[in-house]
Amino acid sequence: MIVPNWIGGVWKVSRATDTVPVINPATQEILAHTPLGTVADVEEAVAAAGQAFVSWRKTPAIERVQYLFRFKTLLEAEQESISRILTQEHGKTLLESRGSVRRAIQMVETACGIPSLLQGESSEDIASGIDSISIRRPMGVFAGIAPFNFPAMVPFWFWPFAVACGNTYVLKASERVPLTSVKLFELLAQTGLPAGVMNLVQGGKIVVDALCQHPKVKGISFVGSTPVAKHVYATGCAHGKRVQALGGAKNVMVVLPDSLQTDTWQNRTLRTAVESVIGCAGERCLAGSVILCVGDKAYQTFQTGAARIAEQVCVGDGLASTTDMGPVISATAKQGICDLISRAVGEGARMLFDGREGVDALPGFFLRPTVLADIQSHMEIAQKEIFGPVILLGKVDSLEEAIAWINEIPYANTSTLFTASGAAARKFAYEVDPSMIGINIGVPAPMAFFSFGGSKESFFGDLKAHGKQSIHFFTDTYTTLYRWYDSDASIWGE
Ligand code: NAD
């Protein structure tokens, strides 16, 4: 099967001749082939979106959201079938897929509030006899470019808000996991959404660059690795667009001894931290990577505890109910993670559990969780995004030292502190660079109604994803000053 485009309300075959296989990473079965779309595909999609904008913009917001209400009902009904497709093409467990579809539904629910969220401002008598109103107006065609790791959730960080605001949209899914989007667009089609409001174009760099350069595209929302985020930000801005580009991450979790004070505290802190690293096989931008223990006792607890948990993790096909952790996305990704582990050992990291072993009998791209201790901040593995299930343990002597470690990392997506102290929590939240902060939370993912995005090398742009900032990103502000004359040309109200 060649994965189709959805343009102007019709399924279409791309003009591309090059394709990449969509591979189930648990079995290595080829599920489909993604066309590496062409500039002409993008032209067609943007033209359809531009044409649809003319009447979509005039459709009252309260009518626009009726399609989203219908879509939410369909998503709820089809949550299981979407999750199964997602697990097959991506590898994560069914439980994890269901969770990500739930997050997508929450975005749709929040975007249904657009009639209120879109409201502007007004004042009477800003000068004698003059009133002023300021409204938020949709701008035209927006585009979204998604990564492989959350095919159902990440595109929803943007498009429901863009479309509810009155814009039209072109989505480019990841070429590695396009089938979830196809399923979602099939459901979208059932809502009766007018043709051209939402469009889907398959592809890779050619499609991305064409979207970033297209004169009719007003703005780009990108999520992916930092080098591509920088490229999209620079190209989009150079072509006069609004851009929000969310990039890679290297997240640090800090453990204070007071978060291990009883057995219950200890179990909870240990599980929360370790699961942050290995959930979704480590393929999350909010995954913890380095666990910094403050003091010898915390460090000893984590060395023993993390290795014990790693050993117990059941790795397998995400569709099986016994599976705790699925495969990583590709053979290349697996090799990259294995090489990084080897180089870390060469640099002095101490192996507590080697997740590269015990997976040879499995057919897919599997790794068990690896646990490495004695991590130093200068090591390659302490600086680079791994995007795999590798738990890095390090020891520091104080919270200040931990904060300094975090702030020296160029990425700044998220960081977490485990503690029972309010004072320590406040200091941490106040002083760390990453703009998404967890206190006793392993994956501090904001909800649909809060804005989301990191800082430094993890985010390029001004306005972040979803929440109120999203409404600002997808609209322009128009201000009108009114003065009215009576029939005798005197100024009314003066
Ligand atoms: P990626 O950068 O390889 O790909 C992302 C998108 O860019 C894809 O749609 C791909 O087709 C396109 N692309 C790839 N190379 C390109 C190029 N040279 N020019 C133009 N377009 C190109 O990322 P990925 O491997 O799919 O996803 C993993 C990355 O995404 C990780 O770094 C992860 O941290 C990041 N991510 C970040 C967040 C966040 O909120 N900050 C969320 C999810 C994922």
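The values are calculated or read from the model by the stated rules, or taken from the named source; none is laboratory data. Note that the coordinates shown come from a computational prediction; the quantities given were computed from them, not determined experimentally. Virtual Cβ from ideal backbone geometry, glycine too; neighbours counted across all protein chains shown. Ligands, DNA and RNA are excluded from the accessible area calculation, which covers all protein heavy atoms including side chains. Shrake-Rupley method; radii C 1.70, N 1.55, O 1.52, S 1.80 Å.
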- Pro434 vs (1) surrounded by fewer than 16 Cβ atoms within 10 Å (Cβ to Cβ); (2) modelled with pLDDT of 95 or more; (3) part of a loop (DSSP other than H, G, I, E, B): all pass except (1)
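Rundown of residues vs (1) touching a strand residue (DSSP E or B) at 6+ places or on another chain (Cβ under 9 Å); (2) in a strand (DSSP E or B); (3) open to solvent by 10 Å² or more (accessible area, probe 1.4 Å), yes/no style:
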| residue | (1), (2), (3) |
| --- | --- |
| Ile406 | yes, no, no |
| Ala420 | no, no, yes |
| Tyr430 | no, no, yes |
| Gly438 | yes, yes, no |
- Item | The lone exception for Lys183 - which of (1) more than 16 Å from the ligand (Cβ to nearest atom); (2) without any contact (Cβ under 8 Å) to a residue 40 or more places away in the chain it fails | (2)
- Can Pro194 be described as in the same structural domain as Ile23 (by TED's automatic domain parsing), within 8 Å of the ligand (Cβ to nearest atom) and open to solvent by 10 Å² or more (accessible area, probe 1.4 Å)? no
- Selected residue (only one of Met379, Met447, Met351 is surrounded by fewer than 20 Cβ atoms within 10 Å (Cβ to Cβ) and either assigned by TED's automatic domain parsing to the domain that holds Val101 or under 16 Å from Val290 (Cα atoms) (or both)): Met351
- Query: Restricting attention to segment 151-177, which residues are in contact with a strand residue (DSSP E or B) (Cβ under 6 Å, 6 or more places away or on another chain) and either more than 13 Å from the ligand (Cβ to nearest atom) or outside the structural domain of His472 (by TED's automatic domain parsing) (or both)?
  - Reply: Trp159, Ala162, Val163, Cys165, Gly166, Asn167, Thr168, Tyr169
- Do you know which residues across segment 382-404 are open to solvent by 60 Å² or more (accessible area, probe 1.4 Å) and more than 16 Å from the ligand (Cβ to nearest atom)? Lys395, Asp397, Glu400, Glu401
- Lone qualifier among Ser377, Ser342 - being assigned to a loop (DSSP other than H, G, I, E, B), at pLDDT 95 or above and polar (S, T, N, Q): Ser377
- Over segment 209-234, the set of residues within 16 Å of the ligand (Cβ to nearest atom) and either outside the structural domain of Ala465 (by TED's automatic domain parsing) or outside any helix (DSSP H, G or I) (or both) is His214, Val217, Ile220, Ser221, Phe222, Val223, Gly224, Ser225
- Message: Tell me yes or no: at least one residue of segment 58-67 is among the charged types (D, E, K, R) and touching a residue at least 24 places away in the same chain (Cβ under 8 Å).
- Response: yes
- Task: Would you mind telling me which numbered condition in (1) open to solvent by less than 60 Å² (accessible area, probe 1.4 Å); (2) within 29 Å of Glu175 (Cβ to Cβ); (3) free of Cβ contacts under 8 Å to residues at least 60 places away in the same chain Pro327 fails?
- Result: (3)
- Failed item, numbered, when Phe474 is tested on (1) of a type in the set (A, V, I, L, M, F, W, C); (2) more than 25 Å from Ala162 (Cβ to Cβ); (3) open to solvent by less than 60 Å² (accessible area, probe 1.4 Å); (4) more than 15 Å from the ligand (Cβ to nearest atom): (2)
- Across segment 206-262, the tally of residues that are more than 15 Å from Ile145 (Cβ to Cβ) and of a type in the set (Lys, Arg) stands at 2
